[in-house]
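All remarks here apply to the structure that follows.
The values are calculated or read from the model by the stated rules, or taken from the named source; none is laboratory data. As the structure is a prediction and not an experimental result, all values here were calculated from the model. When we count neighbours, we look across all protein chains shown, and the Cβ atoms used for this are built from the backbone with ideal geometry, even at glycine.
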Amino acid sequence: MPNILTAIDSGKFAHKEERISKCKALELFDTGEIDKGEPGSFSSLAHIHEKLFEDIYDFAGKMRTEDISKGDFRFASALYLEESVSEVEALSQSTFDEIIKKYVEMNIVHPFREGNGRSMRLWLDQILKAELGLVVDCDRVSKDDYLHAMEHSPISEVEISCLLKESLTGKIDDRDVYMDGIDASFAFEGYNTFKTKELD
Ligand SMILES: Nc1ncnc2c1ncn2[C@@H]1O[C@H](COP(=O)(O)OP(=O)(O)O)[C@@H](O)[C@H]1O
Ligand SMILES: [Mg+2]
C-alpha cells in the first residue's frame, strides 16, 4: 500500500511528467520534426516516443523487454516484439481503413512499457497526414467512447474506425487544433492538469 507521502510524490511526478511531455509535443510541431521520418515506420514512432519522454522515462524510444497487459488483454509477447513490429510496419496504409487497421495492430503490439497511447496517436496522424491530407481532431472524440473502442479493437476495428472517421479534419497544420488535440489525447490517459496553450 502506498503511504500518503509516496502518493503525494507520485502526484507531483505526474504533473511534472505532463508539463514536460506537453512541451515536447509542442516542440515536435514547432520544429517541423513531426513531419520528418517515414510515416508508418517504427523508427518514426520510436522517435516520437523518445522525444516526448526523453526526460521522463529511461526507456524512452526503446522497445519493452517485459510482457504487459491492460484489463483482460495481453499485448504482444516481449520475446517476439521485433518480429511483431516488423509485421505491423509492413502493413499497407493507402486507405483510411488500412491505416486504422495498422494503428490497431500497433496497439496490439504496444512496443513501449508506457506512453504507447500518447505517442501512437501522433504516429497515426503522421500517416493520415501523409497519405490522406487529414488528421484526427482528438478534441472531438469522447474519452469513454475512445477507450471502449480501443478495448474492443483487437476483436473488431469497426467501432474505432467509425469514431475516428467522424473526427477527421483537414486542418493538418493548424497549431491551435494540434494543441487542443494534444490536450485531449493526454486527457485520455489521465493527464489533464494543464493546457498546452498555457505552457506556450
Ligand atoms: N484493454 C485494452 N485493450 C487494448 N488496448 C487498450 C486497452 N486499454 C487501453 N488500450 C490502449 O492503450 C493505450 C494506453 O497505453 P499506454 O501505454 O498506457 O499509453 P499512455 O502511457 O500514453 O497512457 C490507450 O490509449 C488505448 O489506445
Ligand atoms: Mg499509460
Hits in segment 134-146 (condition: in a helix (DSSP H, G or I) and in contact with a helix residue (DSSP H, G or I) (Cβ under 7 Å, 6 or more places away or on another chain)): CYS138, ASP139, LYS143, ASP145, TYR146
Looking only at segment 147-183, which residues are touching a helix residue (DSSP H, G or I) at 6+ places or on another chain (Cβ under 8 Å), outside any loop (DSSP other than H, G, I, E, B), over 16 Å from THR95 (Cα atoms) and in contact (Cβ under 8 Å) with a residue 40 or more places away in the chain? LEU147, MET150, ARG175, VAL177, TYR178, MET179, ASP180, GLY181, ILE182, ASP183
Odd one out for PHE53, checked against (1) without any contact (Cβ under 8 Å) to a residue 60 or more places away in the chain; (2) of a type in the set (A, V, I, L, M, F, W, C); (3) in contact with a Gly (Cβ under 9 Å, 6 or more places away or on another chain): (1)
Go through the residues of segment 109-118 one by one and say whether even a single one is away from ligand 1 (no atom under 14 Å from the Cβ) and modelled with pLDDT of 95 or more. no
Residue in segment 17-28 that is in contact (Cβ under 8 Å) with a residue 12 or more places away in the chain, of a type in the set (Lys, Arg) and more than 26 Å from ASP200 (Cβ to Cβ) present: no
PHE188 under 25 Å from ALA14 (Cα atoms), surrounded by fewer than 22 Cβ atoms within 10 Å (Cβ to Cβ), away from ligand 2 (no atom under 16 Å from the Cβ) and in contact (Cβ under 8 Å) with a residue 40 or more places away in the chain: no
Flag for ILE34 being away from ligand 1 (no atom under 12 Å from the Cβ), surrounded by 15 or more Cβ atoms within 10 Å (Cβ to Cβ) and at negative phi: yes
Search segment 89-110 for residues being assigned to a helix (DSSP H, G or I) and out of contact with any Leu (no Cβ under 8 Å at 6 or more places or on another chain), and hand back the single one that is surrounded by the fewest Cβ atoms within 10 Å (Cβ to Cβ). ASP97
Selection within segment 101-133 - within 16 Å of ligand 2 (Cβ to nearest atom) and either touching a Cys at 6+ places or on another chain (Cβ under 7 Å) or on the phi > 0 side of the Ramachandran plot (or both): HIS110, GLY115, ARG121
If you take the residues in segment 61-88 that are of a type in the set (A, V, I, L, M), more than 11 Å from ligand 1 (Cβ to nearest atom) and touching a residue at least 40 places away in the same chain (Cβ under 8 Å), which one is surrounded by the fewest Cβ atoms within 10 Å (Cβ to Cβ)? MET63
Quick one: how many residues across segment 148-200 are within 14 Å of ligand 1 (Cβ to nearest atom) and touching a strand residue (DSSP E or B) at 6+ places or on another chain (Cβ under 6 Å)? 1
With criteria (1) assigned to a helix (DSSP H, G or I); (2) touching a Phe, Trp or Tyr at 6+ places or on another chain (Cβ under 7 Å), GLU82 comes up short on (2)
